[in-house]
Amino acid sequence: MPKKKLLLKNKKSLNSTAMQIQIKKFYYGDIPEEKSSAPSTPVTRDEHEWPLWEVFIRSKQGLDHKHVGSLHATDAEMAIKNARDVYTRRQEGISIWVVESKNLHASNPDDAAMLYDPAADKIYRHPSFYNLPEEVKHM
Amino acid sequence: MNAHLDYVLHLADTTLVLAQRNSEWCGHGPILEQDIAITNISLDLLGQARNYYQHAASLINTANPNAQADEDSLAYLRDEREFKNPLLVELEKGDWAKTTLRQFLFSVFQDLQLKRLLHSTDTQIAAIAEKSLKETAYHIAWSSEWVIRLGDGTPESHSRMVTALNEVWEFTGGLFVPAPYELQLAGTIAADVSQLEKPWTETVSNVLEEATLSLPGKTFMQQSGKTGIHTEAMGYILAEMQSLKRSLPTATW
């Protein structure tokens, strides 16, 4: 399971960075309501409430999994079944990914100016100055 | 011909009545996602029932061109004694443990039955079986997971599963006792259900074991539903399901 190892490794290095510079942690789904920094520990929930999962579906024609929404489930297996029942009832997909929402980290909307605006005047980064060969697909 | 029609109606009634029972969870599921899951299953079963009823109607209309039978008249205008579903599917939905356990016990049976119906000499039945098997595979996966989850869960969920098992068990035996119309057609149009008990018990006991539940011992088994004799629960289902059609016969959506 090389993938799992890689994930763990990343997590470790993230943690060590966190010790040097204080990283504010954002949970996906926290942002829309609060638009501000989320606490670094998850908000304590009612223990009877099932964890939240984000669902990604790949459609028949699609090449990538797209985020379609979220749902509650007790574990990954149930999350996939729930996703099948909630999000593929109308033949929307042929493959499902789920990830627990708390494991998704999001950029802070307040940082948008710093993060994204600098790219605005760098049009030379767009591939519009090249002629794409016919064989290149999915661009 | 009569046995043939009875058999198709038996398959139709079985799936319709369980669809109706499961649909009672609509808007009342323990959590939104599971509310959708159980009603999806209900819709799968309803779709199967419609296929069987349409087939039954065409059998009736072919034999008697003036009959004008259709899926609605067969589902809504027949009385309790004419319904040929086994008792297991008409039992009240109970709590989530009972609903998921009953679904599991039924789906394992249905899967075995449909696999045999793939070879039915009635090609329409064989075609419906082929389509339904994919749905049933999911019903087994979904319901067995719940039986295991609750059986091997908290003391509360375990005791609910035990209660459900005790309530439901005596109604499982009837699945494997062929009605006269089944006996007559076994091996040709119909599946020989008497052969299904062994593989059914094997699958069921494996899942129950994982759920830390023990397979009930040999006991008295109810077995009358397929011949039209039902429990007291049946009249209530039909009353709810048929009253609109009967009081407003020309109503449309």
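The values are calculated or read from the model by the stated rules, or taken from the named source; none is laboratory data. All of these numbers come straight from a predicted model, not from anything done at the bench. Don't worry about glycine lacking a Cβ; one is built from the backbone with ideal geometry, like all the others, and counts go over all protein chains shown.
Some observations on this one:
- Residues of segment B:104-123 include at least one that is in a helix (DSSP H, G or I), among the aromatic types (F, W, Y) and closer than 18 Å to B:E209 by Cβ.
- Selected residue (criterion: farthest from the other protein chains (Cβ to nearest Cβ)) from residues of segment A:52-65 that are surrounded by fewer than 16 Cβ atoms within 10 Å (Cβ to Cβ) and either among the β-branched types (V, I, T) or touching a strand residue (DSSP E or B) at 6+ places or on another chain (Cβ under 7 Å) (or both): A:D64
- Take the conditions (1) under 26 Å from B:K84 (Cβ atoms); (2) surrounded by fewer than 14 Cβ atoms within 10 Å (Cβ to Cβ); (3) of a type outside the set (D, E); (4) at pLDDT below 95; B:S243 misses just one of them, which is (4).
- Some residue of segment A:33-41 being over 30 Å from B:I41 (Cα atoms) and modelled with pLDDT of 85 or more: no
- Among the criteria (1) over 21 Å from B:A127 (Cβ atoms); (2) crowded, with 20+ Cβ neighbours inside 10 Å, the one B:L77 does not fulfil is (2).
- Complete set of residues in segment B:136-155 that are out of contact with any Ser or Thr (no Cβ under 9 Å at 6 or more places or on another chain) and more than 12 Å from chain A (Cβ to nearest Cβ): B:P155
- Residue match in segment A:66-81 (condition: touching a Phe, Trp or Tyr at 6+ places or on another chain (Cβ under 7 Å) and more than 14 Å from chain B (Cβ to nearest Cβ)): yes
- For segment A:40-50, the condition of being within 21 Å of the chain's Cα centre (by Cα) and over 24 Å from B:I31 (Cα atoms) holds for at least one residue.
- Test: residue in segment B:122-132 that is within 14 Å of chain A (Cβ to nearest Cβ), under 13 Å from the mean Cα position of the chain (by Cα) and not aliphatic (A, V, I, L, M): no
- Exactly one residue out of B:A129, B:A137, B:A97 is surrounded by fewer than 16 Cβ atoms within 10 Å (Cβ to Cβ), out of contact with any strand residue (DSSP E or B) (no Cβ under 9 Å at 6 or more places or on another chain) and in a helix (DSSP H, G or I): that is B:A137.
- In segment B:65-87, residue nearest to the chain's Cα centre (by Cα) [restricted to those that are assigned to a helix (DSSP H, G or I) and closer than 13 Å to B:G228 by Cα]: B:L87
Condition check ((1) under 21 Å from the mean Cα position of the chain (by Cα); (2) buried (at least 19 other Cβ atoms within 10 Å of the Cβ); (3) assigned to a helix (DSSP H, G or I)) across all residues:
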{"site": "B:R160", "(1), (2), (3)": "no, yes, yes"}
{"site": "B:A164", "(1), (2), (3)": "yes, yes, yes"}
{"site": "B:G174", "(1), (2), (3)": "yes, yes, yes"}
{"site": "B:Y181", "(1), (2), (3)": "yes, yes, yes"}
{"site": "B:Q184", "(1), (2), (3)": "no, no, yes"}
{"site": "B:T188", "(1), (2), (3)": "no, no, no"}
{"site": "B:P199", "(1), (2), (3)": "yes, no, yes"}
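- Restricting B:E167, B:E202 to those that are farther than 30 Å from B:H119 by Cβ and of a type in the set (D, E) reduces the list to B:E167.
- Filtered by the rule that a residue be within 14 Å of chain A (Cβ to nearest Cβ) and under 26 Å from B:D79 (Cβ atoms), segment B:26-45 gives B:C26, B:S42, B:L43.
- Of all residues in segment A:82-109 being surrounded by fewer than 14 Cβ atoms within 10 Å (Cβ to Cβ) and basic (K, R), the one that is farthest from the other protein chains (Cβ to nearest Cβ): A:R90
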